[in-house]
Amino acid sequence: MGFYWVPILLVALAVVLLLGLAVVVFSHVRRLTHTLERGRTRTSAALRPLSQQATALKARRRAA
């Protein structure tokens with residue numbers, strides 16, 4: 001009876017740890033991209049009224 005099963009268990013443990021790491025990294029990347037997308041839409045929504053006000057101000061300046 002040798003210890004031939006030790007490297008097999010170590011490889012299996014390494015595979016499990018790498019899969020766990022991949023899941024954690026994927027979830028973080030997904031959350032980051034979701035946050036960036038939400039921030040981008042929030043920023044563009046906040047800029048719309050400002051651009052409308054700027055257009056109205058330019059029109060008033062031209063009219064005056």
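The values are calculated or read from the model by the stated rules, or taken from the named source; none is laboratory data. For clarity, every value in this text was computed on a predicted model and none was experimentally measured. Cβ coordinates were reconstructed from backbone atoms using ideal geometry, including for glycine residues, and neighbour counts include every protein chain displayed. In case anyone asks, the SASA skips ligands and DNA or RNA and just uses the protein heavy atoms, side chains included. Shrake-Rupley method; radii C 1.70, N 1.55, O 1.52, S 1.80 Å.
Key figures for this structure:
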| item | result |
| --- | --- |
| Dipole magnitude (debye, nearest 20) for the chain, charges at Cβ of Lys, Arg, Asp, Glu | 960 |
| Two-site label geometry, Val29 and Leu50: point separation in nm, points 7 Å out along Cα→Cβ | 3.2 |
| Proportion of all alpha-carbon pairs of the chain beyond 20 Å (%) | 64 |
| Sparsely packed trypsin sites (Lys or Arg not before Pro) within the stretch 1-62, loop by DSSP, other Cβ within 10 Å at most 13 | none |
| Farthest positive-ward along the chain dipole, Cα basis, beta-carbon charges - from Phe26, Gly2, Thr43 | Thr43 |
| Whole-number accessible area per residue in Å² for the chain, which is evaluated in the context of all protein chains at 1.4 Å | 96 |
| With every protein chain in place, the chain: carbon and sulfur % of accessible area (1.4 Å) | 72 |
| Whole-Hz ³J(HN,Hα) from phi, Karplus 6.51 cos²θ - 1.76 cosθ + 1.60, for the stretch 31-37, glycine and proline x | 5, 5, 5, 5, 5, 5, 5 |
